[in-house]
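Worksheet: the structure to be examined is printed underneath.
The values are calculated or read from the model by the stated rules, or taken from the named source; none is laboratory data. These figures come from a predicted structure and were not determined experimentally. No Cβ is skipped: glycine too gets one built from the backbone with ideal geometry, and neighbour counts run over all protein chains shown.
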Amino acid sequence: MLLLPFLAPASIPNGNVNAQQAQQLAQQLSELRGIHLPEAISPWWPIAPGWWALLILVPLLVLLCAWLFKYFKNRTAIKKQALLVLSAAYKDADGNFLHQTNDVLKRYCKHYEPEIAALSGDQWSRFLNQQGANIFTEEQLSLLAHGIYQKHAQYDKKSLFSNSKLWLEKNDASTIASFRTFQLNENGGKHV
């Protein structure tokens, strides 16, 4: 019987084996159990750490995207509503366009900064001018400040509509939030 050198006991020189030793080796080899394979690994469970991260991150990203969509939709909904009301007032022929325009602008600003409702007259016109970067003409600012108290004010309805629309499109929560700065400037730097 031919034995490989690495199977030969260390006590046997040069791998020469007599019959008795060969029989012992054969018996020892026959007592060895066969190769035992481990249990098959499931392809689905347990999952790797990367899959755990994906299972957590994907729903979080979906929720974040849904929240951002809702946030920006609500943010623009207020502006769209104000523009619709302004357009409806422009198309209305009852002659209250100046009052309705002033009301739309105030309600729009009040949504973002409730204290704006207290502004009237020259303060209101200065606020509109500061926020609108001179969108309104001096005549229109005077009309919005004082013309609403006149019974029959003369003005260019189309020009007032287009400038009011432009003012609404240009301003949002971030620009109207600078109302605090406007108040400080009006009061000579004293906090209100």
Query raised in the report: From Tyr71, Tyr112, Tyr90, which residue is of a type in the set (Phe, Trp, Tyr) and more than 29 Å from the chain's Cα centre (by Cα)?
Result: Tyr90
Report summary line: Being within 19 Å of Ser162 (Cβ to Cβ) and touching a residue at least 60 places away in the same chain (Cβ under 8 Å) narrows Lys91, Lys79 down to just Lys79
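Residue by residue, here is whether (1) in contact with a helix residue (DSSP H, G or I) (Cβ under 6 Å, 6 or more places away or on another chain); (2) more than 26 Å from Gly121 (Cβ to Cβ); (3) among the charged types (D, E, K, R) holds:
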| site | (1), (2), (3) |
| --- | --- |
| Trp44 | no, yes, no |
| Leu60 | no, yes, no |
| Leu68 | no, yes, no |
| Lys73 | no, yes, yes |
| Ala82 | yes, no, no |
| Gly95 | no, no, no |
| Leu98 | yes, no, no |
| Arg107 | no, no, yes |
Query - Filter result (loosely packed, with under 13 Cβ neighbours inside 10 Å and out of contact with any Leu (no Cβ under 9 Å at 6 or more places or on another chain)) within the stretch 140-153 - result: Tyr149, Lys151, His152
Query raised in the report: Just checking, how many residues over the stretch 98-118 are closer than 21 Å to Lys151 by Cα and either in contact with a strand residue (DSSP E or B) (Cβ under 9 Å, 6 or more places away or on another chain) or of a type in the set (A, V, I, L, M, F, W, C) (or both)?
Result: 3
Query raised in the report: Residue check: is Thr101 closer than 30 Å to Asp156 by Cα and within 28 Å of the chain's Cα centre (by Cα)?
Result: no
Report task. Filter the stretch 80-96 for residues that are surrounded by 10 or more Cβ atoms within 10 Å (Cβ to Cβ) and either among the aliphatic types (A, V, I, L, M) or at pLDDT 90 or above (or both) and give the result. Result -> Lys80, Gln81, Ala82, Leu83, Leu84, Val85, Leu86, Ser87, Ala88, Ala89, Tyr90
